[in-house]
Amino acid sequence: MGSRHLRYGVMTHRRMLASLLLAAGAGCVPVKTTYYEAVDRPWAAAFTEGSAAKCPPTYYAPKVGASQFVVRAMHRGGKAQIAVGVRVAWMEKLAFKSWNVRLTSVSDPTIQLFVPLRFSGECGRLTDCPVPADTNTLAGSESGPPKFDRYFNGLADVPPELVAGFLVELPEVSDGTEQLDARPMKFELRSRVLVKGLHGCE
């Protein structure tokens, strides 16, 4: 009985080792990671050596006019931040009602807090400069062909009591004719083993 269990354990160990080697050979390794999942978005397929692996969604991408937002939540060392990337289309100007985002606890909706976004943007070659807090606008390029969009990055710190999961609501944003879709974006902290690497979940 003992030898049968030993043989079974060895075979199982070999299968696991073979799977890991195959994954490593393909440039992908199973990794346990902690990350924020964009809960209301579908899982996407990532292709690794011809086979599709489902990857959890990690961002939302609302639009206003021709300008694009990418909203993520990041977790490092027990602390969390909201990251808002904005591509402002050529000749467009986005007017923000404020720089504050509203966060609501997933576990206790009575906990709501406003936290400020700190934006920076290109101000020279390979250089980012802070956007003044009293500006409340992000403007696209006014010169050059339409492909010259401008990129801005905003960060907001998540209070400790909301780190496990929260809803994000951006402030009102308008390009003069359209309003940004203000639906809440839900993020929850997850810990899973994911395939990381070439064409896998990043």
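Read-outs: derived from the displayed coordinates by stated rules, not from any lab. Quantities reported herein were computed from a predicted structural model and do not represent experimental measurements. Every residue, glycine as well, gets a Cβ built from its backbone with ideal geometry; the counts of neighbours run over all protein chains shown.
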(message) Longer than 21 Å from Cα to Cα, which of 63/186; 32/63; 54/79; 93/186 are they? Say none if no pair is.
(response) 32/63; 54/79; 93/186
(message) Can you order the peptides 187-197, 165-175, 129-139 by their average number of other Cβ atoms within 10 Å per residue, highest first?
(response) 165-175, 187-197, 129-139
(request) Would you please classify the overall shape of the stretch 31-197 from the alpha carbon gyration tensor, given that a ≥ b ≥ c denote the square roots of the eigenvalues, rounded means a/c under 1.5, and beyond that prolate means a/b larger than b/c while oblate covers the rest? (result) oblate
(message) So if each residue of separation counts as 0.36 nm, and I subtract the Cα-Cα distance between residue 91 and residue 143, what length gain in nm does that give?
(response) 17.9 nm
(message) Need the full-extension length gain, residue 59 to residue 79, defined as separation in residues times 0.36 nm minus the C-alpha distance. One decimal, nm.
(response) 5.4 nm
